[in-house]
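Scroll down for the structure; my scribbles are underneath it.
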Amino acid sequence: MKKKQGARMDKYLLVSVLSVCVGIFVWWLVTDGLGLFRSNVLPSPVKVCQTFLKKWVEARPDGATLLQHLMASLKVALGGYLIGALVGIPLGIFMAWNDKVDMLVRPVFDLVRTIPGVAWTSVMVTLVGIGYMSKALVIFISAMVAMVINSYSGIKQTKTVHLWVGQTFGASNWDLLTRVAIPSALPMIFTGLDVALGSAWTTLVAAELLASTRGLGFMIQQARGIFRLDIVIVGMVVIAITGAILSSIIRKIGDRVVKGGRLR
Amino acid sequence: MRAYEKNKRLILGAVGIFIFLCIWYAATKLTSLGKVMPDPVTVFGGFFHAFIQPIGTRTMTMHILISLRRMLIPYVFGGFFGVLVGVLMGWYKAADAIFMPYIQMLRPIPPIAWIPLSIIWFGFDEGSKYFLIFLACFFTIALTTYNGVHSVDETLVRASKMLGANDRQLFLTIVLPTTVPYIFSGLQVALGSAWATIVAAEMIRSSEGVGWLIVRGQDVGNMTQIMIGIVAIALTGLLITTLMRVLESKLCAWTVRGK
Amino acid sequence: MSENKNVLIEFRHVDKEFDKPEEGMYKVVGDLNIQVRENEFLVLFGPGQCGKSTILNMIAGFEMPTAGEIICDGKAVDRPGPERGMVFQNTALFPWLTVMGNVEYGPKMQGVKKEERRRRAQKYIDLVGLQGFENSFPVKLSGGMQQRVGIARAYCNEPLVMLLDEPFGHLDAQTRYLMQDELTRIWQAEKRTVIFVTNNIEEAVYLADRILVLRNCPTGVKAEYEINLPRPRNYTDPEFLRLRREIDAVVDHTL
């Protein structure tokens, strides 16, 4: 609220750094320092760091290294996500552009999208069994739903004036769609790609917790069973960081592709 | 003319749903999908029948109510503390500096990834589910509230000071009203993610509730029960988000969005 | 007129500099000395971006002078206060309050009892001609009506001075003329000291008792005109047109 930045900023940055340091110190104090919590309830920060480093090369206790789990997760998540985007974007655009299709499909879609991605896991496992396919299908559905919603609203938000401008220049319906509506929907489509990625990644973790033999979700679930909380926490951290990195990649691509900035 | 347009939307929507059900029905009757997938009549029949005839030890009403209770109690707490922390961080720079790093670090962890940890900390009972839902709501609502406080229009602040408001009055009459729509959009998003999280949590460990319906169906290979569970999740999800939207439009009548 | 000659607001050697990140210190107002008399309608007229609004913001107490001081009713201005009412260019109405809620906001903040402040608010709502819209939200009103609410809101606090920052800048030409007449009528009905900022010469001559023509940054007073035309004024009156031309010749037309 108040003005005066510059010098003030540094003061608050210092407070932030201090706050994190105090937090980590308290964490250390209640674990290693005073031994209030044992490592099967709350492992110390030191232990978590050690495990994080060791787990890259060590397959015990769950049969795979951190890298193998990460790769397994990425393969499923990105596979399902990409196909979901490939199907979801055109579907959303088509729904928004064609009024009849919109009115026919919209209510069905509104019903389907209220179903959380995880809920499909049981259906897919029963249909195709535990494995790559069932998880990829679940992720496909959750990514596709997010893609359809965003590209749909992107097209719907096309300014009527822009369409009129196109029409005065004699553009055909196809021209209007590809030269006016889709470019103006691009920012929303990229928002959709970001949102879909988030929901694909979350759904993946859920699917792996439920039905899997490899992957980060599987790893933390196994570690939970044998009270290796250090591995659980390492797994959560890797899940969070990977999710954040993937999302920032999508955003970088979005900034490159969407020229002229995002008009609000 | 407008009445006709409105009806057209309704009629085509109904036709769309009908076509969808027909395709589903035809696919189960005419192709090999029928061996694994029940037809819609069986599913919806089973869904409504479950209101009278219990699945497991409880009727459908109880399964839905149990899931809703599990979700709503921590949702209210998460919402309350989320708004509180969001407002504190938005209003006091020091609170911002202290809490923001933690929120930035913990928020990228999907709520579902907390499940193993919450089971160890809080056991298999309601405690761990409350913890999960609390987390799922808290971060979202705290951040949207924070953004709301920061989006206060500087000229409205000036207008309020010019009219003689002191800091407390400024906060109550300008900052809070500006933040309310943001809080609602946070509550709306959090509701969706809380519902997804409770379904996941029930699928992993529980002995009743809509998530249990699904996972129990999977365990015994009963596809009809899985589909009944999915129908229950979809309809309940639709109901609660619609209720939330109605509440929002009642409370935020001044915004254009609220109409 | 002689009893109205008391000075209400005085600028004493006021400087205002802004710290621009790239260009360093930027002087907007330099050694400004102005006296504003009680109950006069003073128009600050100057080209765009010349610091007119900064002057108003300093009187309102939103911004502080870098040097010198501003005296209002015998006290140095150091913060915003209810004795200095402001009407903003973009209206700055509270969108979540009704017309009544907006107008009674000021008295409510002073702790005026509900019945009293309702009565007062109603008086000013009637004065600006908005009876019947008390329970409408601002978003439902036209631009001209919104600015009427803004004027009523500022009046309702019964300030010593009304500060108007290009209040009709966003209105269409027709509404603008109408609002100028309305403002004249309101001001004649409820005499207050008014400081009105505009970049429209016609508007300045039409409304003012006195016009201060400002120069480009750093802003200072370039010329001063007393307008003694009787009200209501006529845009096509020869004397009106002569004044218009005379002022136009003085203004900095460079950007």
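The values are calculated or read from the model by the stated rules, or taken from the named source; none is laboratory data. This one's a predicted model, so the numbers in the text were calculated from it and none came from an experiment. Cβ atoms come from the backbone with ideal geometry, glycine included; neighbour counts cover every protein chain shown. All accessible areas refer to the heavy atoms of the entire protein, side chains included, with ligands and DNA or RNA removed. Shrake-Rupley method; radii C 1.70, N 1.55, O 1.52, S 1.80 Å.
Points worth noting:
- Of the helices (runs of 4 or more DSSP H) contained entirely in segment A:25-119, those carrying at least 3 residues that are at pLDDT below 90 and open to solvent by 20 Å² or more (accessible area, probe 1.4 Å) fall at A:45-54, A:99-113.
- Residue match in segment A:124-134 (condition: touching a helix residue (DSSP H, G or I) at 6+ places or on another chain (Cβ under 8 Å), open to solvent by 30 Å² or more (accessible area, probe 1.4 Å), closer than 27 Å to B:LEU10 by Cβ and without any contact (Cβ under 8 Å) to a residue 60 or more places away in the chain): no
- One residue stands out among those in segment C:115-140 that are under 22 Å from the mean Cα position of the chain (by Cα) and assigned to a loop (DSSP other than H, G, I, E, B): the one that is nearest to C:MET100 (Cα to Cα), which is C:LEU130.
This table checks each residue for (1) on the phi < 0 side of the Ramachandran plot; (2) touching a residue at least 24 places away in the same chain (Cβ under 8 Å); (3) loosely packed, with under 14 Cβ neighbours inside 10 Å; (4) not assigned by TED's automatic domain parsing to the domain that holds B:VAL220.
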residue	(1), (2), (3), (4)
B:PHE18	yes, no, yes, yes
B:PHE47	yes, yes, no, no
B:ILE55	yes, yes, no, no
B:SER67	yes, yes, no, no
B:LEU72	yes, no, no, no
B:TYR102	yes, no, no, no
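- Condition met for A:SER16 (under 30 Å from A:ILE245 (Cα atoms), surrounded by 14 or more Cβ atoms within 10 Å (Cβ to Cβ) and outside the structural domain of A:SER172 (by TED's automatic domain parsing)): yes
- Residue within segment B:84-98 that is within 30 Å of B:ARG168 (Cα to Cα), among the hydroxyl-bearing types (Ser, Thr, Tyr) and open to solvent by 30 Å² or more (accessible area, probe 1.4 Å) present: yes
- Residue in segment B:7-28 that is part of a loop (DSSP other than H, G, I, E, B), more than 22 Å from B:LEU239 (Cα to Cα) and charged (D, E, K, R) present: no
- Checked against the criterion of being within 14 Å of chain B (Cβ to nearest Cβ), modelled with pLDDT under 90 and surrounded by fewer than 16 Cβ atoms within 10 Å (Cβ to Cβ), segment C:71-82 contains one or more residues that satisfy it.
- Test: A:ILE139 is within 18 Å of B:ILE112 (Cβ to Cβ) and open to solvent by 10 Å² or more (accessible area, probe 1.4 Å): no
- With respect to the conditions (1) within 11 Å of chain A (Cβ to nearest Cβ); (2) more than 27 Å from the chain's Cα centre (by Cα); (3) over 24 Å from B:VAL210 (Cα atoms); (4) surrounded by 15 or more Cβ atoms within 10 Å (Cβ to Cβ), B:MET37 lacks only one, and its number is (3).
- Filtered residues of segment B:197-231 (kept if within 10 Å of another protein chain (Cβ to nearest Cβ), among the aliphatic types (A, V, I, L, M) and touching a residue at least 24 places away in the same chain (Cβ under 8 Å)): B:ILE198, B:VAL199, B:ALA200, B:ALA201, B:ILE204, B:VAL210, B:LEU213, B:MET223, B:MET227, B:VAL231
- Of all the residues in segment B:136-179, those that are more than 8 Å from chain C (Cβ to nearest Cβ) and either hydrophobic (A, V, I, L, M, F, W, C) or open to solvent by less than 10 Å² (accessible area, probe 1.4 Å) (or both) number 18.
- B:PHE131 vs. criteria closer than 26 Å to B:PRO101 by Cα, open to solvent by 20 Å² or more (accessible area, probe 1.4 Å), modelled with pLDDT of 90 or more and within 12 Å of chain A (Cβ to nearest Cβ): no
- Among the candidates A:VAL57, A:VAL17, the residue that is within 14 Å of chain B (Cβ to nearest Cβ) and over 24 Å from A:ILE139 (Cβ atoms) is uniquely A:VAL17.
- Considering each residue of segment A:209-224 in turn, none proves to be away from chain B (no Cβ under 12 Å), assigned to a helix (DSSP H, G or I), without any contact (Cβ under 8 Å) to a residue 40 or more places away in the chain and out of contact with any strand residue (DSSP E or B) (no Cβ under 6 Å at 6 or more places or on another chain).
- Residue check for A:VAL101: closer than 25 Å to B:THR242 by Cβ and assigned by TED's automatic domain parsing to the domain that holds A:LEU82: yes
- Taking strands (runs of 3 or more DSSP E) as the structural unit, those lying wholly within segment C:168-255 and holding at least 3 residues that are charged (D, E, K, R) correspond to C:221-226.
- Whichever residue in segment B:232-243 is within 12 Å of the chain's Cα centre (by Cα) and open to solvent by 20 Å² or more (accessible area, probe 1.4 Å) and, among such residues, is farthest from the other protein chains (Cβ to nearest Cβ): B:LEU243
- No other residue among C:GLY61, C:GLY106 is crowded, with 19+ Cβ neighbours inside 10 Å and in contact with a helix residue (DSSP H, G or I) (Cβ under 7 Å, 6 or more places away or on another chain) apart from C:GLY106.
- Test for A:ILE155: is it among the aliphatic types (A, V, I, L, M), in the same structural domain as A:GLY217 (by TED's automatic domain parsing) and buried (at least 19 other Cβ atoms within 10 Å of the Cβ): yes
- Residue within segment A:188-195 that is more than 11 Å from chain B (Cβ to nearest Cβ) and among the hydroxyl-bearing types (Ser, Thr, Tyr) present: yes
- Which listed residue is within 15 Å of C:GLN89 (Cα to Cα) and buried (at least 16 other Cβ atoms within 10 Å of the Cβ), from C:THR219, C:THR193, C:THR175: C:THR175
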